[in-house]
Amino acid sequence: MTAKARTRFAPSPTGELHIGGVRTAIFSWLLARHTGGEFYIRIEDTDRERYVPGATRRILEAFDWLGIDLDGGPDHDELRAMPSNEDYPGALDDGEYKGIPGPFVQSQRLPLYKQWAEWLVAHGYAYRAAETPEELSRMRAEAQARGQTFVFREEMRLRTDVRPDEPHVIRMRVLPRDGQTEFDDLIRGHLTFDNAQVDDQVLLKMDGFPTYHLAVVVDDHLQGVTHVLRGDDWLPSAPKHVLLYRYFGWPEPRWAHLPNVLGTDGKKLSKRHGAQSVFEFRDQGYLPEALINFLALLGWAPGGGDEQNVFTRDELIAKFSIERVGSSPATFDYNKLDWLNGVHIRRLSDADLAERLIPFLERAGICIDSPARRELLLKIAPHIKERLKKLTDAAPLVDFFFADISTPPMDALIGPKMDRQSSLEALRATYRLVESFEPFEDAPLEQAMRALCAELQLKPTQLFTIVRNAVTGKPVTPPLFATMAILGRETCLTRLARAISCLQSPGE
RNA sequence: GCCCCCAUCGUCUAGUGGUCCAGGACGCGGCCCUUUCAAGGCCGAAACACGGGUUCGAGUCCCGUUGGGGGCACCA
């Protein structure tokens, strides 16, 4: 086993946890767990404009649901206890989790960023500047017009006499100006960037908040992060971070820029691609097990002749390796997710399945609000298990167990290649059988019904189709005899009787 | 516009110079099983973007083209 890795997932509280972000989190978590290291969450809320109240709590809830365990981060319980949408009641987790120093929310670490930004200024790696947004966008437009990438440089400052006590920003100095910055990426290999293309990035904003660039570097170092995993949209600014580590004289973490996840249209996954929030997947009936399995496979494969596709979370942890993550972008495929979800549903115990089904059934108007109904659901579970792709598929398969049915239309009660009269006789014969047959159980019932088929000179399909429609009100159901046994003799008789009178009514 | 990244079946991928007329999985088609629907089993169609090199030999290495993606903020 390799050395322990400490990784973090660093979302900004600007909305729901996006599925692409979840994949990054999963890879980071897998790496940490595989090596016996730590995985934690740090909230990057340095942009006050985009901050969304309640987002932090939602992010944490998403991790709870996914079953991704954390070794640090904002306190779940404290957040949960809060009545409002407010995220930070006050001091929060400024303690330490498993040796990782908090706080885990950047807005509570402001003095740190200020201190290190000043350190950079004092050591000649950064300088003060005070150009207005308008001035900057003009400079940018000019560069664009010249066909160049806009790169801010110290000598472009409009005011060179910025004092520490007046409003200003602190920008990093990219050095050497005409050199190159090189580093190794676990996924891309050796990378080289021309410093001439790298901006003298703002590190400390005028409002005293750091930008991402300063904050990640300071926090990752202070919190002992060994591997930085993030989307490859960060690649172009990676040299800035590498440079910062070198200015500070801090040991560099290992870099791993993950390829993006694309929607079916080949574009980066976004709002328009159906579900994007973890909660949407949850509400659509996906299992966290399946989602994690699927997302891990999006970019990672065990390799070495191992062709396993279905993984439990422990198997994933055992086999995962960051080096085996591919470098090309992957397309999100709902077909495969659906299949995997079905596989994981089939692996659930009956009790577990029943439990997870409850909220979905209730949403469909089937209330599982008594011990008897729970018991009933538990009995049904094994018979629908292999018929589900998503938890939302269950309701139409089980509704007739929980509520009365409306009598099916007459043509549904007439068997294939049969007429009304023969169907009527078949139903009557079935009624008589059901009335007295013992034991009223799955296998014996099937045996008896098959014997009845022979007696009536009907094919199983003919008889069973009519009975299915009569007893359940629908053409597609779980296996008939298990269904009848669970429904119980009385219910079957009632529904059979109704079907019989339905067939009778027009004529007799 | 400038910079960066990527490129094997429709999709996720295996493949690290010869064992690849390219393997697995999803999806798709067919068959079997079968009381419906599923699940399961078997079979099948389906890919190395293109062009140059290097090499005895290239999916595998190099260059270019094309295509796709991303970045160019006092956003992350």
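The values are calculated or read from the model by the stated rules, or taken from the named source; none is laboratory data. Predicted, not measured: the structure shown is a model, and the values here were computed from it. A quick note on method: Cβ atoms are made from the backbone with ideal geometry, for glycine too, and the neighbour counts reach across all protein chains shown. Accessible surface areas use protein heavy atoms only, side chains included; no ligands, DNA or RNA. Shrake-Rupley method; radii C 1.70, N 1.55, O 1.52, S 1.80 Å.
If we keep just the residues of segment A:479-496 that are of a type in the set (A, V, I, L, M) and touching a Phe, Trp or Tyr at 6+ places or on another chain (Cβ under 7 Å), which is farthest from RNA strand B (Cβ to nearest atom)?
My answer is A:Leu493.
For segment A:471-486, give me each residue that is in a helix (DSSP H, G or I) and open to solvent by less than 20 Å² (accessible area, probe 1.4 Å).
Across segment A:471-486, the qualifying residues are A:Val471, A:Thr472, A:Leu480, A:Phe481, A:Ala482, A:Thr483, A:Met484.
Is it true that some residue in segment A:183-198 is farther than 27 Å from A:Pro111 by Cα, free of Cβ contacts under 8 Å to residues at least 40 places away in the same chain, of a type in the set (Lys, Arg) and near RNA strand B (Cβ under 10 Å from one of its atoms)?
Within segment A:183-198, not a single residue is farther than 27 Å from A:Pro111 by Cα, free of Cβ contacts under 8 Å to residues at least 40 places away in the same chain, of a type in the set (Lys, Arg) and near RNA strand B (Cβ under 10 Å from one of its atoms).
When A:Ile466 is evaluated against the numbered criteria (1) buried (at least 19 other Cβ atoms within 10 Å of the Cβ); (2) under 11 Å from A:Thr407 (Cα atoms); (3) over 42 Å from the mean Cα position of the chain (by Cα); (4) of a type outside the set (Asp, Glu), which criterion, by number, is the only one it fails?
(2)
Which one of these is closer than 21 Å to A:Thr477 by Cβ, among the β-branched types (Val, Ile, Thr) and part of a loop (DSSP other than H, G, I, E, B): A:Thr407, A:Thr430?
Being closer than 21 Å to A:Thr477 by Cβ, among the β-branched types (Val, Ile, Thr) and part of a loop (DSSP other than H, G, I, E, B) holds for just one of A:Thr407, A:Thr430, which is A:Thr407.
Counting just the residues of segment A:212-234 that are more than 24 Å from the chain's Cα centre (by Cα) and open to solvent by 20 Å² or more (accessible area, probe 1.4 Å), which one comes out farthest from A:Asp45 (Cα to Cα)?
A:Thr226
Among the residues that make up segment A:300-315, is at least one of them under 25 Å from A:Glu16 (Cα atoms) and either within 8 Å of RNA strand B (Cβ to nearest atom) or in contact with a Leu (Cβ under 7 Å, 6 or more places away or on another chain) (or both)?
There is at least one residue in segment A:300-315 that is under 25 Å from A:Glu16 (Cα atoms) and either within 8 Å of RNA strand B (Cβ to nearest atom) or in contact with a Leu (Cβ under 7 Å, 6 or more places away or on another chain) (or both).
Of all residues in segment A:236-260 being within 24 Å of the chain's Cα centre (by Cα) and near RNA strand B (Cβ under 9 Å from one of its atoms), which is modelled with the highest pLDDT?
Among residues in segment A:236-260 that are within 24 Å of the chain's Cα centre (by Cα) and near RNA strand B (Cβ under 9 Å from one of its atoms), the one modelled with the highest pLDDT is A:His257.
I'm checking my understanding of the structure. Among residues of segment A:26-52 that are part of a loop (DSSP other than H, G, I, E, B) and either away from RNA strand B (no atom under 16 Å from the Cβ) or without any contact (Cβ under 8 Å) to a residue 24 or more places away in the chain (or both), which one is least open to solvent (accessible area, probe 1.4 Å)?
A:Gly37
Are there strands (runs of 3 or more DSSP E) fully within segment A:90-198 with at least 2 residues that are open to solvent by less than 40 Å² (accessible area, probe 1.4 Å) and within 30 Å of A:Trp300 (Cβ to Cβ)? List them.
The qualifying strands (runs of 3 or more DSSP E) are A:180-185, A:189-194.
Looking at A:Phe63, A:Phe104, which is the one that is touching a Gly at 6+ places or on another chain (Cβ under 6 Å), under 25 Å from A:Phe27 (Cβ atoms) and modelled with pLDDT of 90 or more?
None of the other options fit; the residue is A:Phe104.
Is it the case, given these coordinates, that A:Thr264 is away from RNA strand B (no atom under 13 Å from the Cβ) and either surrounded by fewer than 15 Cβ atoms within 10 Å (Cβ to Cβ) or under 25 Å from the mean Cα position of the chain (by Cα) (or both)?
no
I'd like the full set of residues that are over 17 Å from A:Arg8 (Cβ atoms), crowded, with 16+ Cβ neighbours inside 10 Å and touching an Asp or Glu at 6+ places or on another chain (Cβ under 9 Å), limited to segment A:238-250.
Answer for segment A:238-250, where residues must be over 17 Å from A:Arg8 (Cβ atoms), crowded, with 16+ Cβ neighbours inside 10 Å and touching an Asp or Glu at 6+ places or on another chain (Cβ under 9 Å): A:Pro239, A:Lys240, A:Val242.
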